[in-house]
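Chemist: Quick one: the structure is below, and I'll ask about it shortly.
The values are calculated or read from the model by the stated rules, or taken from the named source; none is laboratory data. As the structure is a prediction and not an experimental result, all values here were calculated from the model. Because the Cβ atoms are built from the backbone with ideal geometry, glycine has one as well, and the counts that use them run over all protein chains shown.
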Amino acid sequence: MGQGSNPIDPKGSVAEEQYGLILLSLGIMILVTVVVFVLYFYAIVKYRRKPGDNTIPKQVEGSHKLEIIWTVIPMILLFILAVPSVALTFSQDVDYSDDPEVIQVKATGHQFWWEFEYPDLGIYTAQDLVLPVNQRVQFELTSSDVIHSFWIPAMGGKMDTNPGMINKLYLDTPAEPGVLKGKCAEFCGESHALMDFKVIVLSEEDYNAWVEDMQTPANTTVSADVQSGEELFKQNCMSCHAIDAGSPGLGPNLKGFADREVVAGFLEMTDDNVYKWIRDPAYFKGDRVEMPGLFLEDEQYQDIAEYLKTLKLE
Ligand code: HEC
Ligand SMILES: [Cu+2]
């Protein structure tokens, strides 16, 4: 796992609290292991049979004292583990859907990409989940097809996305801007492993600018050299891909597409990769990919790829 995708390098308070629990259980397990091994070696060294000694050692069967000791100590340890685990489980199972201070995001898993809707802002986006620093985010998770699982390892626990169901999860964003990795954590088909997304954490100011850019309608007058690409895009692609952030689609919303670091959630953003992707998505993500290959001419794909490069935020 790369930078920003590590559950034992937590970012944000939800992940930090969960990490605290991991450390607590690990500490107790190490303590038990060490004590047991020390006693074990002490006993086999000190009490081993000495030459010529044929007496039978003192028998301790049925000793109340011993039985109480080895019942009570594990009970205390389990208690120390159980109280914070149960308390944290309940304190993190809170629904902030009606809290105006909390950012609301609906995340939908698709074979094999993620869509994010910000209902309060009228924004749809895909692949990149953009969030400000130091904020609580309430997620409503669902799926359009099979069961996926939404996971941002550095930010806290994962949760399934089920078709026809809404699961709720809140997370807190990190204190510092940065890029974290998100994953689908439930095997969902042959390109499950490519179902990644990015969490782009911005300063408050940059986030507000992003929201404003996303809410600005797309420029309808494109320069002459990409007009044919735009025309082809309208004819062949618009039925699934919106270029304004205000509406969902059968495919990822492409507002700001050219600003993304990756194509289709995993391919490096280069001119060549954009072209190759739109020409034959199934080559990369297999037959179950929901974007069809369209049998256009190579040049037409080139033109469309040129046009896609203009889909930048202002
Ligand atoms: C039937 C609907 C459909 C049509 C038609 C379609 N696409 Fe897609 N497109 C999708 C889906 C679904 C995905 C997501 C695939 C995935 O990543 O698993 C996608 C992904 C993409 C991506 C990657 C988006 C990102 O955020 O990284 C690009 C770029 C793209 N399509 C461009 C096009 C172009 C250009 C055309 C027309 C030539 C086109 N698509 C036609 C459904 C469609
Ligand atoms: Cu998945």
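Chemist: Could you tell me which residue of region 127-150 is nearest to the chain's Cα centre (by Cα), considering only residues that are surrounded by 22 or more Cβ atoms within 10 Å (Cβ to Cβ) and within 14 Å of ligand 2 (Cβ to nearest atom)?
Modeler: The selected residue is PHE150.
Chemist: Also, quick follow-up: Please find, within region 2-60, the residue that is surrounded by the most Cβ atoms within 10 Å (Cβ to Cβ) out of those that are within 39 Å of the chain's Cα centre (by Cα) and at positive phi.
Modeler: GLY12
Chemist: Is it the case that region 290-302 has a residue that's in contact with a strand residue (DSSP E or B) (Cβ under 8 Å, 6 or more places away or on another chain) and over 24 Å from THR216 (Cβ atoms)? First the steps, then the outcome.
Modeler: Within region 290-302, the subset in contact with a strand residue (DSSP E or B) (Cβ under 8 Å, 6 or more places away or on another chain) is 290.
From what is left, the residues that are over 24 Å from THR216 (Cβ atoms) are 290.
Yes: region 290-302 contains one or more residues that are in contact with a strand residue (DSSP E or B) (Cβ under 8 Å, 6 or more places away or on another chain) and over 24 Å from THR216 (Cβ atoms).
Chemist: Would you call LYS276 farther than 30 Å from ASN208 by Cβ and either in contact (Cβ under 8 Å) with a residue 12 or more places away in the chain or surrounded by 18 or more Cβ atoms within 10 Å (Cβ to Cβ) (or both)? Steps first, please.
Modeler: Working: farther than 30 Å from ASN208 by Cβ: yes; either in contact (Cβ under 8 Å) with a residue 12 or more places away in the chain or surrounded by 18 or more Cβ atoms within 10 Å (Cβ to Cβ) (or both): no.
The answer is no for LYS276.
Chemist: While we're on this one: Of these, GLY189, GLY265, which one is within 16 Å of ligand 2 (Cβ to nearest atom), within 23 Å of TRP151 (Cα to Cα) and not assigned by TED's automatic domain parsing to the domain that holds LEU131? It would help to see each step written out before you state the result.
Modeler: Details: GLY189 fails: not assigned by TED's automatic domain parsing to the domain that holds LEU131.
Step by step, each of GLY189, GLY265 is checked, and only GLY265 is within 16 Å of ligand 2 (Cβ to nearest atom), within 23 Å of TRP151 (Cα to Cα) and not assigned by TED's automatic domain parsing to the domain that holds LEU131.
Chemist: Looking at ASP272, ASP244, which is the one that is of a type in the set (D, E, K, R), assigned to a loop (DSSP other than H, G, I, E, B) and within 28 Å of the chain's Cα centre (by Cα)?
Modeler: Values: ASP272 fails: assigned to a loop (DSSP other than H, G, I, E, B).
Result of the check over ASP272, ASP244: ASP244.
Chemist: Of the residues PRO74, PRO57, which single one is in a loop (DSSP other than H, G, I, E, B) and not charged (D, E, K, R)? Explain how you work it out, then say what you get.
Modeler: Details: PRO74 fails: in a loop (DSSP other than H, G, I, E, B).
Answer to the selection: PRO57.
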